[in-house]
Amino acid sequence: MQVTKTVKETRDLIKNWKREGKTIGLVPTMGFLHEGHASLIKRCREENDIVVVSDFVNPTQFGPTEDLEAYPRDFKRDSELCESLGADVIFHPEPKDMYHDPHAFVSIDTLSDTLCGKTRPIHFKGVCTVVSKLFNIVTPDRAYFGQKDAQQLAIIRKMVQDLNFDIQIVGCPIIREEDGLAKSSRNTYLSEEERKAALCLSRAVKAGQNMICKGSKAEEVLTKMREIIEAEPLAKIDYVSMVDALDMQSVEIVEKDVLVAMAVYIGKTRLIDNFSYEV
Ligand code: PAF
């Protein structure tokens with residue numbers, strides 16, 4: 001496995017592989033890899049000749065009061081994991097190599113003003129910008145994203161369609177701990193007590209899934225999910241919403257495919273979880 005630090009060395013490697021007719025898969029990450037990322041890398045390994053993992057804590061997707069500095073990092077562990085999973089390249093640039101001032105941005109506004117976009121107004125603009133840059137640097141045939149960040153996945157699919165990126169976007173299932181908590185690099189922020197409290201998210205997901213399968217109305221499903229979370233003293237709801245799976249706008253009647261998504265603060269840590277329901 002090769003570790004690349006600059007755009008140029010990454011491009012040079014990939015150009016050679018492309019000349020040989022090899023297919024390229026990209027797994028964009030912010031590092032501090034866990035089993036969720038591992039599942040993306042494994043799928044990418046199965047479906048492509050070359051696997052590129054990007055490992056970059058992207059500053060432009062963090063708001064001024066968010067956890068950019070505190071975001072967990074462990075490049076040595078990340079590179080060992082990538083190597084063990086058969087990745088060919090881990091691209092680990094410095095922020096100064098990715099951004100100069102002033103910088104162009106990519107924004108998919110229509111899907112970015114609901115759910116997480118309300119609380120994190122610049123987040124998806126930063127995500128779309130860095131993902132576009134990674135797409136242009138790596139020129140992958142396929143790129144892999146987790147369903148845990150369901151709004152991000154929907155926005156990236158729209159971006160690829162609107163901006164004519166010739167890349168297949170592969171969405172992969174949420175990976176959970178044995179007790180149900182969705183894997184996230186931010187889980188490391190949780191104290192023991194908070195870790196237990198955080199299970200209210202997956203409990204709410206399970207209850208919501210059961211109710212929606214039995215034909216309950218959107219408001220009934222959301223009320224039940226909110227009750228489960230509100231019963232947990234350390235939890236504070238940012239949002240629990242049901243939206244159209246494509247346009248991310250609220251729905252009241254489940255007659256199309258929907259996404260039921262939530263963001264909940266457990267202490268100071270903001271966690272997300274979701275499920276999709278196909279009609
Ligand atoms: O999902 C993430 O980890 C990040 O938002 C991404 C897609 C790697 C962009 O920085």
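The values are calculated or read from the model by the stated rules, or taken from the named source; none is laboratory data. The model shown is predicted, which means the values in this text are computed figures rather than measured ones. Here Cβ is always computed from backbone atoms with ideal geometry, including for glycine, and neighbour counts include all displayed protein chains.
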Identity of the residue in the stretch 35-55, among the charged types (D, E, K, R) and either part of a helix (DSSP H, G or I) or free of Cβ contacts under 8 Å to residues at least 24 places away in the same chain (or both), that ends up surrounded by the fewest Cβ atoms within 10 Å (Cβ to Cβ): Glu46
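Residue-wise test of (1) within 21 Å of Thr269 (Cβ to Cβ); (2) of a type in the set (Val, Ile, Thr).
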| position | (1), (2) |
| --- | --- |
| Gln209 | no, no |
| Glu220 | no, no |
| Arg226 | yes, no |
| Ile237 | yes, yes |
| Asp244 | no, no |
| Ser250 | no, no |
Matching residues, the stretch 72-92, being over 19 Å from Tyr144 (Cβ atoms) and either surrounded by 17 or more Cβ atoms within 10 Å (Cβ to Cβ) or within 17 Å of the chain's Cα centre (by Cα) (or both): Pro72, Arg73
Failed criterion for Asn136 (all others in (1) under 26 Å from Ser241 (Cα atoms); (2) away from the ligand (no atom under 13 Å from the Cβ); (3) modelled with pLDDT of 95 or more hold): (1)
Close pairs (7 angstrom Cβ cut-off, 6 or more residues apart or separate chains): over 19 Å from Leu246 (Cβ atoms) and modelled with pLDDT of 95 or more in the stretch 101-118, of a type in the set (A, V, I, L, M) and surrounded by 15 or more Cβ atoms within 10 Å (Cβ to Cβ) anywhere: Val106/Met159
Residue check for Asp67: under 19 Å from the mean Cα position of the chain (by Cα), among the acidic types (Asp, Glu), closer than 18 Å to Ser185 by Cα and not in a loop (DSSP other than H, G, I, E, B): no
Matching residues in the stretch 236-268 - criterion: being without any contact (Cβ under 8 Å) to a residue 60 or more places away in the chain and closer than 17 Å to Cys116 by Cβ: Lys236, Ile237, Val240, Met242, Asp244, Val258, Val260, Tyr265
Per-region count, the stretch 214-235, residues touching a residue at least 12 places away in the same chain (Cβ under 8 Å) and in a helix (DSSP H, G or I): 9
Identity of the residue in the stretch 103-121, of a type outside the set (Val, Ile, Thr) and surrounded by 18 or more Cβ atoms within 10 Å (Cβ to Cβ), that ends up farthest from Asp238 (Cα to Cα): Leu111
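Within the stretch 30-47, identify whether any single residue is modelled with pLDDT of 95 or more, within 12 Å of the ligand (Cβ to nearest atom) and at positive phi, and answer yes or no.
Within the stretch 30-47, one or more residues are modelled with pLDDT of 95 or more, within 12 Å of the ligand (Cβ to nearest atom) and at positive phi.
Give me the helices (runs of 4 or more DSSP H) completely within the stretch 139-213, filtered to those with at least 1 residues that are under 18 Å from the mean Cα position of the chain (by Cα), away from the ligand (no atom under 12 Å from the Cβ) and touching a residue at least 40 places away in the same chain (Cβ under 8 Å), ordered by residue number.
Those helices (runs of 4 or more DSSP H) span 150-162, 199-213.
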Residue, surrounded by the most Cβ atoms within 10 Å (Cβ to Cβ), within the stretch 56-71, restricted to residues that are touching a residue at least 60 places away in the same chain (Cβ under 8 Å) and under 16 Å from Lys96 (Cβ atoms): Asn58
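So which of Thr23, Thr119, Thr110, Thr60 is among the β-branched types (Val, Ile, Thr) and either in contact with a His (Cβ under 6 Å, 6 or more places away or on another chain) or within 14 Å of the ligand (Cβ to nearest atom) (or both)?
Checking each option against the conditions leaves just Thr60.
Would you be able to say whether some residue in the stretch 123-137 is among the polar types (S, T, N, Q), on the phi < 0 side of the Ramachandran plot, in a helix (DSSP H, G or I) and touching a Leu at 6+ places or on another chain (Cβ under 9 Å)?
yes
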